[in-house]
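A.B. asks: One structure, as structure tokens, below. Some questions next.
The values are calculated or read from the model by the stated rules, or taken from the named source; none is laboratory data. Predicted model only: the values in this text are computed from it and were never measured. Using ideal geometry, Cβ is built from the backbone for each residue, glycine included, and neighbour counts are taken over all protein chains shown. Accessible surface is based on the protein model in full, side chains and every heavy atom, while ligands, DNA and RNA are left aside. Shrake-Rupley method; radii C 1.70, N 1.55, O 1.52, S 1.80 Å.
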Amino acid sequence: MKTGGKGSGSKGAGGRGTGGKATGNSARSGRPPAAGAPRGKRPSHDARRRAAARPAGGEERVQRPVRPRPVEEASKPTRAQVKATKADSRQFTRERGAETAQVLSTGVQQLVVTPDENEMRIDRFLEARFPQLSFSHIQRIVRKGELRVDGKRADSKDRLSEGQTVRIPPLRLEEQAERPRSAKADADTIGFLRSITLYEDDDVMVLNKPAGLAVQGGSGTTRHVDQMLDALTGKDGQKPRLVHRLDKDTAGCLVIAKSRFAAATLAKTFRSRSARKVYWALVAGVPRVRQGRISTYLAREEAYDGDQRMAVAKHGEDGAMHAVTYYAVVETAAQKLGWLSLKPVTGRTHQLRAHAAHIGHPIIGDPKYFNIQNWELPGGIQNKLHLLARRIVLPHPRGKGTIDVSAPLPPHMRQSWNLLGFDDAPYDPIVEAPDE
């Protein structure tokens, strides 16, 4: 005898059935119809779902809806989270440096340039990866050709591209203990930087770097601009960055980027020679041609005392790079001294100092390139480098017009100008010189 319809019904205690369609009365099916459901009709899909979720004890669990957090509240990190993130980042940097030091002490290392390091200069890539390396050490391994990029020799100023492989020679690195930051020292440093600031906005600073203050660290150099910029690190962890350099004994305009965006944009500006730079110098003698162009190749040479100098080289020589400088005579002092305004088109190391010496008129007080024998310094003039980065003109990184900043004469040059009767008038003949 037939005992059921299409499927069998079932019900929990006191609940609603979820079975199939009844075939007739309850006596024929052998089971009572589902409680609470119309006789002869199949329960709805929702009813069957609720019945399946009901616990065995017969009590239906009710789940309260969870109120979602607002998107703004969920995405905004707390102060503690931000602090922890920064601490983790610093810890990661220390661990990466320690790991790299261990690898380098045992052999050659091949490092791949990451997306964040795209367009980064080689020397700054090494500074970021290996904080234990001094600036002079970095320059030495690059100069000797021990560092290779994709198997080729490279200059410290060359730019890296994402995916390139940098070969690092075996090195012995000393672990540097992290020195605690002093709030008072940071406040003093910030006060000093503010006192020498010529221009500042949200993206750019232009400092009036004093003569004798190094821009970056090196052998025996513990106080320099790059180290001082640590005190200006913002709450977001961004530290102001150098975008070009001045020699230690050169005074004047030094451009600093306050954000990563500004650093990348200004780096392209200097690379494309869109920044106009004007220097003032006091030189021995007076050039016969009052306005001229100096064009040579320059290459590094090791001096007998181990110091680094740039020398005029021939095209094609190892490491020789083209250098162009325009100059104009502003004033003279009895044909003994000349005030030159200089406009470098290229930006080679020691370019202006080497070029001035090349034309027979080295800069007064230059310990590396002053090459006139038995030349006597006039009384009252200090034997310090008389070279000033007088003016910098460049487009704002965010397109907000043009930044045009001039630096005053440093004390030792002001003393010489007063002694010689030079008037630093607003007109400068070099401004009419070509940009290439």
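A.B. asks: Name the residues in the range 236-259 that are open to solvent by 10 Å² or more (accessible area, probe 1.4 Å), in contact (Cβ under 8 Å) with a residue 12 or more places away in the chain and more than 13 Å from Val204 (Cβ to Cβ), would you?
C.D. replies: Gly237, Gln238, Arg245, Leu246, Asp247, Lys248, Asp249, listed by residue number.
A.B. asks: Quick check: is even one residue across the range 290-313 in contact with a helix residue (DSSP H, G or I) (Cβ under 9 Å, 6 or more places away or on another chain), over 20 Å from Asn371 (Cα atoms) and in contact (Cβ under 8 Å) with a residue 60 or more places away in the chain?
C.D. replies: yes
A.B. asks: Going by the conditions given, is Ala356 surrounded by 22 or more Cβ atoms within 10 Å (Cβ to Cβ), modelled with pLDDT of 95 or more, assigned to a strand (DSSP E or B) and not β-branched (Val, Ile, Thr)?
C.D. replies: Values: surrounded by 22 or more Cβ atoms within 10 Å (Cβ to Cβ): yes; modelled with pLDDT of 95 or more: yes; assigned to a strand (DSSP E or B): no; not β-branched (Val, Ile, Thr): yes.
For Ala356, the condition - surrounded by 22 or more Cβ atoms within 10 Å (Cβ to Cβ), modelled with pLDDT of 95 or more, assigned to a strand (DSSP E or B) and not β-branched (Val, Ile, Thr) - is not met.
A.B. asks: On to the next question. Among residues belonging to the range 84-122 that are in a loop (DSSP other than H, G, I, E, B) and not polar (S, T, N, Q), point out the one that is modelled with the highest pLDDT.
C.D. replies: Val113
A.B. asks: Now, a different point. What is the one condition in (1) in contact (Cβ under 8 Å) with a residue 24 or more places away in the chain; (2) under 18 Å from Ala311 (Cα atoms); (3) not hydrophobic (A, V, I, L, M, F, W, C) that Asn371 does not satisfy?
C.D. replies: Checking Asn371 against (1) in contact (Cβ under 8 Å) with a residue 24 or more places away in the chain; (2) under 18 Å from Ala311 (Cα atoms); (3) not hydrophobic (A, V, I, L, M, F, W, C), the one that fails is (1).
A.B. asks: Something else: Any chance you could count how many residues in the range 123-169 are in contact with a Gly (Cβ under 7 Å, 6 or more places away or on another chain) and not in a helix (DSSP H, G or I)?
C.D. replies: Qualifying residue count for the region: 5.
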